[in-house]
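What follows is a single structure, written as structure tokens, with notes after it.
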Amino acid sequence: MSSPKLRRTKSNIPKVSAVQKAIDSVPLPTPMSNQQIFDIVQKHLLSQNKKSLLTCKPEINGIANTCAYRSEDGCKCAIGCLINDELYSPSLEGLGIETNKLKIVLYAANIDRDKSLPLLKSLQQCHDSLDAELWPNRLNEIKKEFSLQ
């Protein structure tokens, strides 16, 4: 005896807003603090000591020679080092940190993107806008701006 087939209709496919509401309603176990986020990113950037750059052909996502969450040579940017390996996808490249897709990926990494957005933006800007030799000074400034240890 076969079970009845379920047909996908517009009414039974959740809308993005419904999915977003569901995500927003589930509390994180204990989201990382800004201090924890900063410590992870600072350690990562200072040990990597070079930018994560996407140097692939422009046909992929329409971007090339720009900062990347993950680069072909294994480097990660300030935000990329926070993304769980199993959730990373090249389709994330070119998406801003304020997109819902990045919110979901960071949520899975136990980061409350909305709460930590100013810090995350500052860390991302440090990686994207400055040469690596300037990162230590900028990271110290960020530490002071956000009253971190």
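Rule-based calculations on the coordinates, nothing more; no lab input. Values in this document were obtained by computation on a predicted structure and should not be read as measured data. Cβ placement follows ideal geometry from the backbone for every residue including glycine, while neighbour counts extend to all protein chains displayed.
Candidates Ser147, Ser116, Ser71, Ser89: the one that is among the polar types (S, T, N, Q) and touching a helix residue (DSSP H, G or I) at 6+ places or on another chain (Cβ under 7 Å) is Ser116.
The criterion of at least 1 residues that are touching a Lys or Arg at 6+ places or on another chain (Cβ under 7 Å), over 14 Å from Ile37 (Cα atoms) and not polar (S, T, N, Q) is met by the following helices (runs of 4 or more DSSP H) wholly inside the stretch 50-149: 100-108, 113-129. Residues in the stretch 128-140 that are over 14 Å from Leu46 (Cβ atoms) and surrounded by 12 or more Cβ atoms within 10 Å (Cβ to Cβ): 1 in all. Mind checking whether some residue in the stretch 63-79 is loosely packed, with under 13 Cβ neighbours inside 10 Å and touching a residue at least 24 places away in the same chain (Cβ under 8 Å)? No - not one qualifying residue is present in the stretch 63-79.
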